[in-house]
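The block underneath contains the structure these notes are about, expressed in structure tokens.
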Amino acid sequence: MIAATIDTGANLEDLTKRALTAMRRILRTTELNSKQVMRETGLTPSQLIFMQILDEGHEQTAGQIAARMGITQATTTVLLQKLEAMGMIQRRRGEHDRRQVWLSLTAAGQKALAISPDGAHAQFHKQFMALRDWEQAMLIASLERVAAMLGDHEPDVAAVLDSSEMLAGQEHARTETTS
């Protein structure tokens with residue numbers, strides 16, 4: 001009876017190690033992708049996603065981008081300031097409401113997007129969309145559970161991953177226009 005308890009405990013420990021190893025692999029892949037994006041474009045993944053949202057062909061407000069990325073207005077302001085300082089985006093005051101500020105990409109921003117790598121997010125989206133509905137739901141539930149287990153306190157932490165659908169969709173559109 002005691003031996004069975006010890007074996008069960010060892011199996012649970014092995015399962016915990018496997019789960020932690022899988023999470024480390026995800027984090028490592030994300031980190032390597034971030035470094036590649038930074039090396040090739042000089043942009044962080046969050047900055048790249050911000051710009052990809054703007055690359056949809058029409059001006060948007062900072063609030064619209066914040067909502068799409070799932071980040072706070074304060075985080076959006078920091079991203080906006082950095083991208084504007086780099087010459088990647090520009091602001092324009094609204095014609096009807098001068099308080100409203102419209103954002104768009106500059107030529108330099110469009111060039112940076114053109115050379116940006118596909119990234120882990122687009123790859124994940126492609127494979128995730130190939131799953132059956134029940135597999136997607138199960139995976140989402142599992143990932144949300146892991147986030148809760150780790151103390152999911154910071155909503156901005158997930159901002160990059162929250163935009164994976166948008167990323168893959170834009171990459172698909174960009175591929176079609178260059179084909």
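The values are calculated or read from the model by the stated rules, or taken from the named source; none is laboratory data. Since the structure is predicted, the reported quantities are computational estimates derived from the model, not experimental observations. Glycine gets a Cβ as well: all are built from the backbone with ideal geometry, and neighbour counts include every protein chain shown.
Details
- Flag if ALA147 is part of a helix (DSSP H, G or I), at pLDDT 85 or above and farther than 19 Å from GLY70 by Cβ: no
- Flag for LEU27 being at pLDDT 85 or above and surrounded by fewer than 18 Cβ atoms within 10 Å (Cβ to Cβ): yes
- Residue within the stretch 127-137 that is loosely packed, with under 13 Cβ neighbours inside 10 Å, within 21 Å of GLY70 (Cβ to Cβ), in contact with a helix residue (DSSP H, G or I) (Cβ under 8 Å, 6 or more places away or on another chain) and modelled with pLDDT of 90 or more present: yes
- Selection over the stretch 40-94 of residues that are in contact with a Gly (Cβ under 7 Å, 6 or more places away or on another chain), over 20 Å from ASP118 (Cβ atoms) and modelled with pLDDT of 90 or more gives a count of 1.
- Boolean, THR106 is of a type in the set (Ser, Thr, Tyr) and modelled with pLDDT of 90 or more: yes
- Test result for THR41, under 17 Å from the mean Cα position of the chain (by Cα) and within 30 Å of LEU143 (Cα to Cα): yes
- Scope the stretch 79-100; condition within 18 Å of GLN52 (Cα to Cα) and either loosely packed, with under 13 Cβ neighbours inside 10 Å or in contact with a strand residue (DSSP E or B) (Cβ under 9 Å, 6 or more places away or on another chain) (or both); matching residues: LEU80, GLN81, LEU83, GLU84, ALA85, GLY87, MET88, ILE89, GLN90, ARG91
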